[in-house]
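The values are calculated or read from the model by the stated rules, or taken from the named source; none is laboratory data. All of these numbers come straight from a predicted model, not from anything done at the bench. All Cβ positions, glycine included, derive from the backbone under ideal geometry; neighbour counts span all protein chains shown.
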Amino acid sequence: MKKIFSSEEYKSFDFHPLAFTASYGHLEGYAKLAPEKSRMDFSLGLATFNSYICELCGLDRTDRKRDYLIARAFLVFVQMVPECVRIKKFQQRVSQVFQPDEDGIFPTLNPNMFDIKCQLNWETMSERTLEMKNLTDKFDKPLILGDGKGETVECAEHVKQLLHILKSKKLS
């Protein structure tokens, strides 16, 4: 922000840091999802997306529910935009909420366990793949996918194949 605004303008901003970090665990905690619930129980859709934009536009920084509302909004925004860019299968599922049904009502969806495991394991899969000397070296500890089939990822070649299936853009 310092590069966008002059030093005088920058000094005039009244910053209020958020109480949580960017991890999904912190977001879910501040979004006050019940302990037995997760983002799988959190509906994504255009109405939800629009509702949080409206709430954030009218949000007062002293509002006691500020962090709660921002965390809930981030759970929707992050999953509907950057996660869709990253994960092709999730993108295909989320794209369905942008088409209204015959009555003009936009549907919602809830992320499933496979979606969430892909979101959480993406960084780990990338890091482990970069650490390998060649594609067939086995990982010290296999990654377990949450697709309900108990499938594991044991080497960089398997990650490469998975990323090719999941990734929206070209594999780097």
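Cβ-Cβ distances below 6 Å connect the following pairs, each with a first residue in segment 85-107 that is closer than 26 Å to Lys117 by Cα and in the same structural domain as Phe42 (by TED's automatic domain parsing), a second residue that is acidic (Asp, Glu) and in a helix (DSSP H, G or I), and a separation of six or more residues or different chains: Phe90/Glu83; Phe90/Asp115.
Going by the conditions given, is Cys57 in contact (Cβ under 8 Å) with a residue 24 or more places away in the chain and outside the structural domain of Cys118 (by TED's automatic domain parsing)? Full working, then the answer.
Values: in contact (Cβ under 8 Å) with a residue 24 or more places away in the chain: no; outside the structural domain of Cys118 (by TED's automatic domain parsing): yes.
No: the conditions fail for Cys57.
Suppose we keep only residues that are among the charged types (D, E, K, R) and crowded, with 17+ Cβ neighbours inside 10 Å within segment 17-65. Which one would you say is nearest to Pro107 (Cα to Cα)? Explain how you work it out, then say what you get.
As a first pass, look at segment 17-65 and keep what is among the charged types (D, E, K, R): 28, 32, 36-37, 39, 41, 55, 60-61, 63-65.
Keeping just the survivors that are crowded, with 17+ Cβ neighbours inside 10 Å gives 28, 39.
Numbers: Glu28: 23, Arg39: 17 Å.
Checked segment 17-65; the qualifying residue nearest to Pro107 (Cα to Cα) is Arg39.
Against the condition modelled with pLDDT under 80 and more than 30 Å from Phe114 (Cα to Cα), how does Ser7 come out, does it pass? Against the criterion (modelled with pLDDT under 80 and more than 30 Å from Phe114 (Cα to Cα)), Ser7 qualifies.
From the list Val76, Val97, which residue is surrounded by 17 or more Cβ atoms within 10 Å (Cβ to Cβ) and touching a Gly at 6+ places or on another chain (Cβ under 8 Å)? Working first, answer last.
Working: Val76 fails: touching a Gly at 6+ places or on another chain (Cβ under 8 Å).
Unique residue meeting the criteria: Val97.
Give the residue that is farthest from the chain's Cα centre (by Cα), with candidates limited to residues of segment 6-27 that are assigned to a loop (DSSP other than H, G, I, E, B) and among the small types (Gly, Ala, Ser). Ranking the qualifying residues of segment 6-27, first place goes to Ser6.
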